[in-house]
Amino acid sequence: MTEFWEVSGGWELQAILLLPDGRPFAREESFTLPGRGLSVMKRLFVLATLFSVIGFAFASEPARRRLNRGQTERLALAALTPEQRKLPGVGADSFDDPEAPRFMFFTIVWDSGPKDSVVVANFAVDAYTGDVWSATSSCDEISNRELRALQRTFRHALRLSSSEYKRLKTKGPLC
């Protein structure tokens, strides 16, 4: 709770911090604001209102939507060539890189024998745009017909307009 009242030579501000149940949390603090009376009061009121509006705007801003791990894995698998997709037991192993939090990384492998697997490709998928990048070659963005169709579907699900996509688009993690 904050109260202002006029005293000789200025305004006095008294602030009391309250707990949710209404009991005081801290002792009362008060001090006199010297100056030209109402002009100081108006400035404080404007500042308090401005901070309230700014705080409300940031608190009410929706979190940016992003693709989940299953969706990004589907994009990584769609980035394979038709020949790679036909390999037996093709699958994706995912991992995170704390240095590139907007990307989800995948190592694509296939079962080449009873106890063996071979790495087919490594991809980085941007969880905000659905863009797929090679995780081993710098700045190589992957594109093919199947991948573009799946990206359109996921971008529509994210409600990502083309202007928003252009604003969010970034280079790959190795660029």
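Each value in this text was obtained by applying a stated rule to the coordinates, not by laboratory testing. Fair warning: this is a prediction, and the values are worked out from it, not measured in the lab. Cβ sites come from the backbone with ideal geometry, for glycine too, and all protein chains shown count toward neighbours.
Pop a pseudo-label 7 angstrom from the Cα along the beta-carbon direction at both Ser163 and Ala100 and give the gap in nm to one decimal.
It is 3.0 nm.
Starting from the Kirkwood Rh over alpha-carbon pairs, what translational D in µm² s⁻¹ does the range 110-161 have by Stokes-Einstein at 20 °C and 1.002 mPa s? Walk me through the numbers on the way to the answer.
Numbers: Rh = 12.8 Å.
It comes out at roughly 167 µm²/s.
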